Each structure stands twice: as structure tokens, then as C-alpha cells.
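The values are calculated or read from the model by the stated rules, or taken from the named source; none is laboratory data. Given the structure is predicted, the values throughout are model-derived calculations rather than measurements. Note: ideal-geometry Cβ built from the backbone for every residue, glycine included; neighbour counts use all protein chains shown. Each accessible area value is taken on the protein alone, full model and side chains, heavy atoms only, with ligands, DNA and RNA left out. Shrake-Rupley method; radii C 1.70, N 1.55, O 1.52, S 1.80 Å.
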Amino acid sequence: MELPTNLNPDEASPAWMNKADNTWQLTAATLVGLQSIPGLVILYGSMVKKKWAVNSAFMAFYAFAAVLVCWVGWGFRMSFGEKLVVFLGKPAVALDEKFLLGQAFLGLFPTATMVFFQGVFAGITLILVAGALLGRMNFRAWILFVPLWLTFSYTVVAYSIWCPDGWLAKLGVIDYSGGFVVHLSAGVAGFTAAFWVGPRTEKDRERFPQPNNIILMLAGAGLLWMGWTGFNGGDPFVASTDASLAVLNTHVCAATSLLTWLALDTFFFGKPSVVGAVQGMITGLVCITPAAGVVQGWAAIIMGIVSGSVPWYTMMVLHDKVKILRHVDDPMAVFHTHAVAGTLGGILTGLFAVPKLCRIFYMVLDWEKYIGLLYGLQSGRTLAGFRQIGLQLGGVLFVIGWNVVVTSSICLLIRLIVPLRLDHDELQIGDGAVHGEEAFAFIDKERAGLENAEMNRAYGFENSKMNVAFDVEENSSMASRSISEVQLV
């Protein structure tokens, strides 16, 4: 039986390529990209005080662009290329059409698709690091930090855990979609960098978080949440049943975590917090990430309860009791929402991982290598279950240790070139001093009145009396109020 003509292989659609898988992989990659641009750009720009809205959004915007250029220049092949050492691939460009149009190292789609998919993961990792540095880091220092951290930190962790030749991958560490590579790395690196950069001004830390626009904050959070469909659903590298399970588990865990956080806020503080709900959503998404397609639905709910309560406790209770947590200024709570939640997710993966689902995901017959402790106890393979927990803990320690050392080294190097921190005047003024731009334009009433009068004369309405902000008569109650007194609803 002959294939339909649109399914016949040709130079643009080689026989090894699955069109459905390639379509899904490109879609998943785009969803992850949208988490960053505009998701986290909006989230950061709206959660900080208004004087830092431009700087915060721009740190994310710049990082995404810089990472993609470095990624095709050397980052991809250092993370997934030919082995250089046990934890790193050989640096090389990913720009040649012969390389990009060939089959990816995993999956039935071109290498170009894989480069883009993995690139957006690298991009969002640096943007998450930025969340711990908002409101005081010298933008020139950030320009240097991004390519250095990508090169010496992200590539090592990605190769070690995700590349088939990586040493932790060969041992059997389970990180379905980045609980270690993305979130734990970002949380630890952000916290470490925040230590070296120092805190924001006392005034900026007062009554924080106090978003400048809660509705926009929720829009950014919504993009982040829905984008996680691609974040976790794309990692089987195939449009499969496992991808579907990963997507469902992702959203169930996030919803459970959000509701858990909301319940704790309401019970202990008397009011449900919108900011708290967003934090709970994030911790749920992060916690399920290393386990998304290898655990059952009931395990996703348990992970949601844990991720909505333990990070809540570390943020709301331990933060004020532990000296190092009080000392380090982390505006977006990246340590709690990503480092703590990522660690929890990695450990719980070692507890709940289902052997059958691991076999479907990894496409291996080595049942001893991928078996959660609960299933090891159930099936009599207790040693294999404890081994998996040990591997997950070992992965956590490696990621923490590597990021503390490398991030500290990068910060110490950069401050020999440019200051890590903005100067005093820039810290007091914010966006206007750093970028010469501000996020919110306020109308000068006198200037607006003159411009309005000129426009009236131009159109022949010499005697028209109009309020500069609203089209109302001057004798109305609103006309007598200054623009700062008018509340926009």
C-alpha cells in the first residue's frame, strides 16, 4: 500500500523524521519560550516596585537573547555534544546546516529542533537566576554574568544529568524535565549571586512584595503556568502517552500546591494572598518537573501538598529565623520557590518513580536503575529503591556544590572588571537613572492642558472647555481634582 503523497519522504522530510513529533517539539519549545518572553518579563516587571519595573523586565529580556546566541555558538554542544570529559562536551558551533538538518541525538526530528528546544530551557534558567538579583545589580555586570554562567555552570549540569554520556545520567539520576538542571541550579545560583551583590536599599525592601500591577502579575503567572505544558510535555521528545501524562500531572500538582499555599495563608494570616497563590503555583510546577511523566496522578497530588507547604514554611517561618536567609536579599524568593521546591521534587521522584513509566520515558529495560523506593519495597527490590533515593540526593549535592563554587567565582571575577552593584544615586532613582526610561508615564497637567488648547484651536474649537484627563465639563466634581487624585478603575 502506497503512502499518501504528503507522507512520502523527500529531502525536506527525510524518512527518519516523524512530522507529528517535530511539530509537537517545536510547539513545546515555543511554549517554553513564551514562559520567558513575555511571561517572566511581565511577572518580574509587575511584581517589583514601579521604579524598578523596566530594569527587572529588561534583565529577563536581555538574558533570553544573550543565551540563545551563546547557545548556538558553543553552549548546545558543550551540553549535549561529543564528550570532552565526564561532565562536559566539546565546545563547537551549532550553525552548520549539515549538522542542524541531521537527526537529533534523541527523537525523530532534526537537530535544529533540539537546539531550539534545549536553548529555551537554558534561557529561562538564567532569567530565574535574575529573579534573585532584581533592584540593585549593575546591568553591565549582568551582561557579563549571563554568558559566563551559561558556559561554566549550566552546560556542566546539563551534560552531567541530561546528556546520555553524562556521568549522572549513566548512574541513573532521574530529572524528567529540569528539577535539577533548571530549577535547583537557578535557585542556588541566584541565592549565591545575591549574596555577593548585596541587598537592595532599605526603602526598596520595605513592604515587599508590593506589586505595582497585580493584574499584570497574574497575566505573567498565567503564561508561566500554561507554558509548563511545553516545559514538561516536550521532554519525552515524542508525542506519546507519557507526554500526555506529564502534562496532566504538571497541572494537577500546580493546582494542588496553589490551594495548599492559599489555605495556609488564610489560616495563619487571616487573608488569602494573591502573591502567595502565585508562589504556590510556582512551587508546584517546580516540584513536579523532575517527576512529571514517571509518577502516577495520586503522587502528583501528594507532591502538590508538599510543595505548597514546605516552601511556605521555609519562606514564611524559617526565613526570619535563619541568619543566612535574612542576610541574603532574594526579591522573587527564588531560593524557596526553585531551590527548595526543586530539591523536594528530586527526592520525591526517587520515592514515587514508577518502573513502567521510567521504562517508557527512558526506553530502557534496566529496571534496577529506575525504580522509586515505594515500588522497590513493594516488589522486593528494596536495594534498588534505596539506590535511587541515594542517586537523587547525590544529584542534589552535586548541583548545589557546583553552583555555589562556580557562581561565586564568576561574581568575584566580574567585580574585578565592573561593580556588581549599582551606585548609590542609581539605587535611589531606579529605572530613570539606569536606563533613562520609566515604565509608567504620568501626564503633566499643565503641559497636557496647553497641548489640548492648541489642538482645539487647530480644529476650530476655541471655546471648548475640556478636562485634560477626561472629557467632562470643568464645573463637574471630577474636573476640580488633580490627576493624582483620580483613581483609575
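Quick notes on this one:
- One residue alone among 104, 92, 112, 122 is touching a Leu at 6+ places or on another chain (Cβ under 7 Å), among the hydrophobic types (A, V, I, L, M, F, W, C) and over 30 Å from residue 333 (Cα atoms), and that residue is 112.
- Any pair with Cβ under 6 angstrom, 6 or more apart, that starts in segment 89-102 at a residue that is assigned to a strand (DSSP E or B) and ends at one that is among the hydroxyl-bearing types (Ser, Thr, Tyr): 89/159
- Residue in segment 223-234 that is part of a loop (DSSP other than H, G, I, E, B) and farther than 19 Å from residue 333 by Cα present: yes
- Qualifying positions in segment 23-37 - farther than 13 Å from residue 123 by Cβ and surrounded by fewer than 19 Cβ atoms within 10 Å (Cβ to Cβ): 23, 26, 27
- Residues being among the hydroxyl-bearing types (Ser, Thr, Tyr) and closer than 10 Å to residue 174 by Cβ - total across segment 356-388: 2
- Within segment 252-281, if we keep just the residues that are open to solvent by less than 40 Å² (accessible area, probe 1.4 Å) and closer than 19 Å to residue 234 by Cβ, the residue that is farthest from the chain's Cα centre (by Cα) turns out to be 253.
- Flag if residue 331 is within 24 Å of residue 212 (Cα to Cα) and either more than 23 Å from the chain's Cα centre (by Cα) or assigned to a loop (DSSP other than H, G, I, E, B) (or both): yes
- The residues in segment 345-376 that are of a type in the set (A, V, I, L, M, F, W, C), in a helix (DSSP H, G or I) and more than 23 Å from residue 310 (Cβ to Cβ) can be counted, and the count is 4.
- Residues considered: 394, 385, 390. Of these, the only one that is buried (at least 16 other Cβ atoms within 10 Å of the Cβ), modelled with pLDDT of 90 or more and assigned to a helix (DSSP H, G or I) is 385.
- Test set (1) open to solvent by less than 60 Å² (accessible area, probe 1.4 Å); (2) at pLDDT below 95 - residue 363 fails condition number: (1)
- Lone qualifier among 195, 208 - being out of contact with any Leu (no Cβ under 7 Å at 6 or more places or on another chain), assigned to a helix (DSSP H, G or I) and in contact (Cβ under 8 Å) with a residue 12 or more places away in the chain: 195
- Residue check for residue 357: open to solvent by 20 Å² or more (accessible area, probe 1.4 Å), of a type outside the set (Phe, Trp, Tyr) and free of Cβ contacts under 8 Å to residues at least 12 places away in the same chain: no
- Subset tally (residues that are part of a helix (DSSP H, G or I), aromatic (Phe, Trp, Tyr) and open to solvent by less than 10 Å² (accessible area, probe 1.4 Å)) for segment 103-145: 4
- Filter result (open to solvent by less than 30 Å² (accessible area, probe 1.4 Å) and either assigned to a helix (DSSP H, G or I) or more than 29 Å from residue 364 (Cα to Cα) (or both)) within segment 236-246: 242, 243, 246
- Complete set of residues in segment 41-88 that are surrounded by fewer than 17 Cβ atoms within 10 Å (Cβ to Cβ) and either hydrophobic (A, V, I, L, M, F, W, C) or in a strand (DSSP E or B) (or both): 65, 69, 83, 84, 85, 86
- Qualifying residue in segment 86-99 (condition: charged (D, E, K, R), closer than 29 Å to residue 227 by Cα and either touching a Lys or Arg at 6+ places or on another chain (Cβ under 8 Å) or modelled with pLDDT of 95 or more (or both)): no
- Yes/no for residue 222 being modelled with pLDDT of 95 or more and either buried (at least 21 other Cβ atoms within 10 Å of the Cβ) or touching a Cys at 6+ places or on another chain (Cβ under 7 Å) (or both): no
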